[in-house]
Structures are given as C-alpha cells and as structure tokens.
Amino acid sequence: MGHPAAVWDYKAATEITKDWNGIDQVVLRSPHGASARVSLYGGQVTSWRNEHGEELLFTSSKAIFKAPKAMRGGIPICFPQFGNGGSTELHGFARNKIWTIDDNPPPLHPIDSHGKSFVDLLLKLSEEDMKCWPHSFEFRLRVSLAADGDLNMISRIRNLNGKPFTFSFAYHTYFSVSDISEVRIEGLETLDYLDNLCQKERFTEQGSAVTFESEVDRVYISAPNAIAILDHEKKRTYVIRKEGLPDIVVWNPWEKKSKSMGDLGDEEYKQMVCVDGAAVVKPIAIKPGEEWTGRMQLKVVPSSFCSHHLGL
C-alpha cells in the first residue's frame, strides 16, 4: 500500500454545507482525519480540528452567529483596518461581508495546491459598500488543509483603482488553550511592541517569553516569521509561520474586560489567546494594478519539540 495521501481525492474531500444561518460553508478534510470549516460569511475559518477531532480554535459559547455581528472566535479577517483606527467599522468590513467561491482564480504556485484540500474565495465591494470605503479591489483568499493537518491561508489583494490606497490587515486567530496562565509565546523576546493599554506607547519585551498574568493587548513590531505558542497543560505547541505580515498582535482580555463583553463568557478568557499575523504598525500601500500577498501557516506539534527544531 502507498501512502494514503497518494490516492486521496482532495476535491472529494471538499464539501459545501450550510452554517447556522443557512449560509454556505466549505468543509476541508485531510486523509488522516484533520478538518477545517470556512464560512462564506466573512471568509472566516470557524473550525480547525486535528486528526483526533480536537478543536484547535476557540469559539465563545456566547458568540453571536447573526449578521451584521462578527463571530467571536475562529479566524476573522481584519481588512481594510485593524482595530478602530480607520474610516470603516471596527476591524474593517471583510469579516462581515458575504464572500463568493472563486472557481477560476489566478494561479498560485503548484506547492500551494499539491497534496492539499482547499477552497478559493473572492470578495468584491458593491457600489453601496464603496460609499464607506471608496477603493476598488479584489480580495482573493485561499484556505487549504495539508495532508498533515496544517492550515494555510493566502490572501491576495489587488488594487483595481486608478490611484494608490493603503490598508491594515490581520488574521485575528483565536487559539484554544487549556489555561492562559500556563501559556507562553516564544519568538517575540527583545522585540519592541506598542501597548494598546497604554495609548500605544512603545516598550521592549523583557521576558524570555510572553506570559499572561493580566490583560494583554500588544502589537509586536517587525516580528520574526515563525512564532510558537506553548500550551503546558495540553503539552502541545502551535507554530505560526507568516509572510508579508511584519507584525504580531497578542491579545487576551482577562477577567475585567471579559465581563464587559456581551459575546464572551466571564471565564472564557482562560481558554483562549489571540496571536495574529498582521500588518498594522505601517499600513500596506499598493499602487494601481499591484497585488499584495499575505500568508499564514498554522501547525500543531507535541511540546516535546524544541524551539530550534521549529526554526524559531
């Protein structure tokens, strides 16, 4: 018998179903049992499970699954702004729009397709939408699941305008963890960061790893392209690899803020951490006809792997 991936039908491993609002969602499966779900509402990954069926992304038990509210959890896409620093709604409009399946996207490198189940999505604004953000663009998103269960996201944003425009961007990824006080993030040591709890004042990370004892809301500047989130209790490590995304956002609301958030349970901050590949500090500028690409790969490995094995 050959390796199962050699005879795995990746197209058959991609299924379109309906989500909780009757909106299409795409289910991706790997030959070893991993899976991912992508909703056409927001182009949002709402689930990523390993081969044992364990959910790797956090979703709040109080998440509001109803437009125009964005779902609290999974991987919302923040575009064309992150946070409230822009002319559109909080974290931008991409996470609150209906995307379409793109049956004939411009080709990517074969390595982005080979041995993966994937879906290509497309976002374009209506004339009504352009009253809020008057720039013409195409946003193409590929979400793929590799044979080993790695989740890959590739965003391509092309300027169809006759003039340049700028935007901010983040894959606002909610990771599921066992206990936030037992979590550490490696790869950000000695970096400068902007602290959103101190009017974006700039500090330098002093610890050998980022740990959590209170609310954290930071943007790490010029972060390396590989970051690790170690979950001590579950003995597993998430590895984030990114391209085209210079920053890393780290967020946990902690107890006080959680109680003020209607779509997050009072104690749920303990089971989540957001670590985002992002372009926030210096917005991306693209000229007419140009295209920007931002990639993120998520992998989960046993924590017995040492950091140097992960290329950190």
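The phi torsions of the range 118-125, fed into the Karplus equation with coefficients 6.51, -1.76 and 1.60 and a -60° offset, translate into couplings of 8, 9, 10, 10, 9, 10, 10, 8 Hz, rounded to whole numbers, with Gly and Pro shown as x. The largest accessible area among His172, His232, His114, His32 belongs to the first residue in His114, His232, His32, His172, and the rest follow in falling order (1.4 Å probe, all chains).
Sorted on the mean count of surrounding Cβ atoms within 10 Å across their residues, most packed first, peptides 281-292, 244-255 read 244-255, 281-292. Each stretch of four or more DSSP H residues adds -39500 (n - 2.57); spread over every residue of the chain, this sum gives -500 deg cm²/dmol at 222 nm. For the chain, the dipole from Cβ point charges (+1 on Lys and Arg, -1 on Asp and Glu) about the Cα centre works out to 540 debye, to the nearest 20.
At a probe radius of 1.4 angstrom, the accessible area of the chain per residue rounds to 46 square angstrom. A simple charge model with +1 on the Cβ of Lys and Arg, -1 on the Cβ of Asp and Glu and nothing else charged puts the dipole of the range 133-282 at about 800 debye relative to its Cα centre.
Taking θ as phi - 60° and the Karplus parameters 6.51, -1.76 and 1.60, the scalar couplings of the range 147-162 work out to 4, 8, x, 4, 9, 10, 10, 10, 10, 10, 10, 10, 7, 9, 6, x Hz in sequence order, x denoting glycine and proline. Computed from label points 7 Å out along Cα-Cβ, the spacing between Glu128 and Thr166 is 3.1 nm.
Viscosity 1.567 mPa s, temperature 4 °C: what is the translational diffusion coefficient of the range 164-268 from Stokes-Einstein with a Kirkwood Rh over Cα pairs, rounded to a whole number of µm²/s? Before the final figure, lay out the partial values.
Numbers: Rh = 14.9 Å.
Calculated translational D: 87 µm²/s.
Among the listed pairs Lys131/Lys259; Lys124/Lys299; Lys18/Lys256; Lys163/Lys282; Lys131/Lys257, a Cα-Cα separation exceeding 24 Å is found for Lys131/Lys259; Lys124/Lys299; Lys18/Lys256; Lys131/Lys257. Here the Karplus relation 6.51 cos²θ - 1.76 cosθ + 1.60, evaluated at θ = phi - 60°, turns the backbone of the range 226-242 into coupling constants of 9, 10, 10, 10, 9, 9, 4, 5, 7, 6, 9, 10, 8, 10, 9, 10, 9 Hz, with x for every Gly and Pro. Within the accessible surface of the range 209-289, defined with a 1.4 Å probe on protein heavy atoms only, the carbon and sulfur portion equals 50 percent.
The values are calculated or read from the model by the stated rules, or taken from the named source; none is laboratory data. Quantities reported herein were computed from a predicted structural model and do not represent experimental measurements. A quick note on method: Cβ atoms are made from the backbone with ideal geometry, for glycine too, and the neighbour counts reach across all protein chains shown. With ligands, DNA and RNA removed, areas are computed over all heavy atoms of the protein, side chains included. Shrake-Rupley method; radii C 1.70, N 1.55, O 1.52, S 1.80 Å.
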